[in-house]
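Here is the structure we will look at.
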There are 2 protein chains.
Amino acid sequence: MSIVERTRADAQSRAAAEPAYRDPAALRRAVRDGRFRGQTAGQAPGFVQGNLAILPRDFAADFLRFCQLNPKPCPVIGMGEPGDPALPRLGRDIDIRTDVPGYRVFRDGELAAEPADILGPWRGDLVTFVLGCSFSFEAALIEGGLRVRHIDEGKNVAMYCTNVPNAPAGPFGGTLVVSMRPFSPKDAIRAIQITSRFPNVHGAPVHFGDPAAIGIADLARPDFGDAVAIAPGEVPVFWACGVTPQQAIRAARPPLAITHQPGAMLVTDLRNSELASF
Amino acid sequence: MSIVERTRADAQSRAAAEPAYRDPAALRRAVRDGRFRGQTAGQAPGFVQGNLAILPRDFAADFLRFCQLNPKPCPVIGMGEPGDPALPRLGRDIDIRTDVPGYRVFRDGELAAEPADILGPWRGDLVTFVLGCSFSFEAALIEGGLRVRHIDEGKNVAMYCTNVPNAPAGPFGGTLVVSMRPFSPKDAIRAIQITSRFPNVHGAPVHFGDPAAIGIADLARPDFGDAVAIAPGEVPVFWACGVTPQQAIRAARPPLAITHQPGAMLVTDLRNSELASF
């Protein structure tokens, strides 16, 4: 099985012991040179991986405001200058046009291409946003001794659209998307404590218990990812999810928007532990 | 209505704005001089109030071990030397024999007297323990913008015996007693965050949701305190309770044990904020 074929969950649960790359800069060089594509879960363990959103300057101000109004689903961990592909605070020598192992290019809200780099569509007015992702807090949960069900089951995390409105900003709005991980109440309390330390990677849960209270009709039918088993005595615990801003961007239908392919993240030089608030 | 007649909840909800005493040392002097008896809730706001347990030296070592094995129900915030009524780390000039506004004296596990001071039964082999109480974290919850139901309803907090065994030490054992406060899931998450900062006053909850999971048959029938309303969409959240060590002491049947009367606490010079772990 090649690295490319590995699913995110598989990579997280198995490859963590033997990642192909321990150094984030080495991984980014491999991506840039065409030697690494696809899922980044399990690579460069201990380092922060980020969701990518690139927008024209005309949309960037509203999107930044959207992120500031909705920090749980949209935690900004890095932002580029217009037209500048560097992100020096996230890693030396990052070129956002070549260092992400899979891109999606949207035009007017529709998927137009999935190129290996974005040297072609890059423009002088594009602004890069990097948003924190749940890989960092899942690593902290596992280090804290908790079992994360979808990782144990070799699946992607279950994600659900809710009826919780985002605070709108310009053309960006829509509703919150959440990820769900089941825990016993005791472990849920510990998971709340652990993830509260990581506000830049979605932070504490937004809800637990009754799915209908946030507009989820059926936990067995997630809108994204895979359903997981919920054992007797366990409660579903819901975290704000990075799919939220991706949905908001598509619905805003900017003439050009670029994101990462699901699971193919920007691997930064920041350590997960640097994101801990205490 | 005199101070003495005030219930704990009434005092917390109303007298907080106008406590008779703001300075803990002044309150203790009033107690010592016979000018203040009974409930201390709402007095000396911002300062830590503690549960009292006094045991003969022969039992004190096992009791200390019991507290260390069961830190959530038994958080030791102060301890005296054998025979010494002072507690200099909790307050200047504390004399534990006179400064608590209501005592209970137990002999062989049975209530023998409720004196205004314990100058009579005091002995050279007695060891004083002061344990943190939930007043401190309830103050933090309220400062955090949460509503605490039993305070709003002018009641005592609902407390329940559970089937969760304590870790035994010598003659001390038994099962955990919990207090319950209902919250929406969103507020419960915030309450978990807030109380996690206060490990010396019971800390984070031990359970939420299904009462039967910890051996509680009927929330409407608490073992101590008053039942409170649980609104639709709310979940009961359970914290370890200071009644746990009191039950353990009575069951151990030491020849002599002295506690405070319920709600008549030792008011210390420690600030609640000093107990915050971060």
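From the residues in the range B:231-257 that are of a type in the set (G, A, S) and not in a loop (DSSP other than H, G, I, E, B), which one is nearest to B:D152 (Cα to Cα)?
Residues of the range B:231-257 that are of a type in the set (G, A, S), as a first pass: B:231, B:233, B:240, B:242, B:248, B:251-252, B:257.
Next cut, not in a loop (DSSP other than H, G, I, E, B) only: B:240, B:248, B:251-252, B:257.
Working: B:A240: 21, B:A248: 31, B:A251: 34, B:A252: 36, B:A257: 34 Å.
Residue satisfying both the conditions and the ranking: B:A240.
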Quick one: is A:R250 of a type in the set (K, R) and within 13 Å of another protein chain (Cβ to nearest Cβ)? no
I'd like the full set of residues that are more than 9 Å from chain A (Cβ to nearest Cβ), closer than 13 Å to B:M180 by Cβ and in a loop (DSSP other than H, G, I, E, B), limited to the range B:198-214. B:H202
Listed residues A:V228, A:V178; which is in a strand (DSSP E or B) and touching a His at 6+ places or on another chain (Cβ under 9 Å)? A:V178
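Return yes or no: is A:P19 at pLDDT 95 or above, farther than 19 Å from A:V157 by Cα and either aliphatic (A, V, I, L, M) or surrounded by fewer than 23 Cβ atoms within 10 Å (Cβ to Cβ) (or both)?
no
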In the range A:28-39, which residues are farther than 14 Å from A:L270 by Cα and at pLDDT 95 or above? A:R29, A:A30, A:V31, A:R32, A:D33, A:G34, A:R35, A:F36, A:R37
Against the definition (at pLDDT 95 or above, more than 15 Å from the chain's Cα centre (by Cα) and over 21 Å from A:G263 (Cα atoms)), how does A:I118 come out, yes or no? no
Of the residues A:P73, A:P88, which single one is at pLDDT 95 or above and surrounded by 20 or more Cβ atoms within 10 Å (Cβ to Cβ)? A:P73
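Specify the residue that is farthest from the other protein chains (Cβ to nearest Cβ); the eligible residues are those in the range B:215-244 that are among the β-branched types (V, I, T) and closer than 27 Å to B:G50 by Cα. So that I can check it myself, show each step before the final result.
Filtering the range B:215-244 down to residues among the β-branched types (V, I, T) leaves B:216, B:228, B:230, B:235, B:237, B:243-244.
Applying the additional criterion that residues be closer than 27 Å to B:G50 by Cα yields B:216, B:228, B:237, B:243-244.
Details: B:I216: 13, B:V228: 19, B:V237: 9, B:V243: 21, B:T244: 17 Å.
Of everything passing the filter in the range B:215-244, B:V243 is farthest from the other protein chains (Cβ to nearest Cβ).
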Looking only at the range A:126-133, decide whether some residue is within 14 Å of another protein chain (Cβ to nearest Cβ), out of contact with any Cys (no Cβ under 9 Å at 6 or more places or on another chain) and in a strand (DSSP E or B). no
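Among the residues of the range A:265-278 satisfying the criterion of being among the aliphatic types (A, V, I, L, M) and within 20 Å of A:A86 (Cβ to Cβ), which is surrounded by the fewest Cβ atoms within 10 Å (Cβ to Cβ)? Reasoning before the result, please.
Looking only at the range A:265-278, we keep the residues that are among the aliphatic types (A, V, I, L, M), and these are A:265-267, A:270, A:275-276.
Still in the list and also within 20 Å of A:A86 (Cβ to Cβ): A:265-267, A:270.
On the way: A:M265: 25, A:L266: 28, A:V267: 29, A:L270: 23.
Filtering the range A:265-278 for residues that are among the aliphatic types (A, V, I, L, M) and within 20 Å of A:A86 (Cβ to Cβ), the one surrounded by the fewest Cβ atoms within 10 Å (Cβ to Cβ) comes out as A:L270.
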Is it the case that the range B:164-175 has a residue that's farther than 17 Å from B:P245 by Cβ and buried (at least 21 other Cβ atoms within 10 Å of the Cβ)? no
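Tell me the residue from A:T195, A:T162, A:T175 that is out of contact with any Asp or Glu (no Cβ under 7 Å at 6 or more places or on another chain) and away from chain B (no Cβ under 14 Å), please. Full working, then the answer.
On the way: A:T195 fails: away from chain B (no Cβ under 14 Å); A:T162 fails: away from chain B (no Cβ under 14 Å).
That would be A:T175, the only listed residue that is out of contact with any Asp or Glu (no Cβ under 7 Å at 6 or more places or on another chain) and away from chain B (no Cβ under 14 Å).
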Only one of these conditions is not met by B:A248: (1) more than 30 Å from A:A240 (Cα to Cα); (2) more than 21 Å from the chain's Cα centre (by Cα). Which number is it? (2)
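Name the single residue, out of those in the range A:198-217 being under 17 Å from the mean Cα position of the chain (by Cα) and of a type outside the set (V, I, T), that is surrounded by the fewest Cβ atoms within 10 Å (Cβ to Cβ).
Here is the first cut: in the range A:198-217, the residues under 17 Å from the mean Cα position of the chain (by Cα) are A:198-206.
Add one more test, that the residue is of a type outside the set (V, I, T), and what stays is A:198-200, A:202-205.
Values: A:F198: 24, A:P199: 17, A:N200: 21, A:H202: 27, A:G203: 22, A:A204: 23, A:P205: 27.
Looking at residues that are under 17 Å from the mean Cα position of the chain (by Cα) and of a type outside the set (V, I, T), I get A:P199.
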Taking the range B:229-269 and keeping residues of a type in the set (D, E, K, R) and under 30 Å from A:V235 (Cβ atoms) leaves B:E234
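The values are calculated or read from the model by the stated rules, or taken from the named source; none is laboratory data. Predicted model, so just to flag it, every value in this text is computed and none were measured. Using ideal geometry, Cβ is built from the backbone for each residue, glycine included, and neighbour counts are taken over all protein chains shown.
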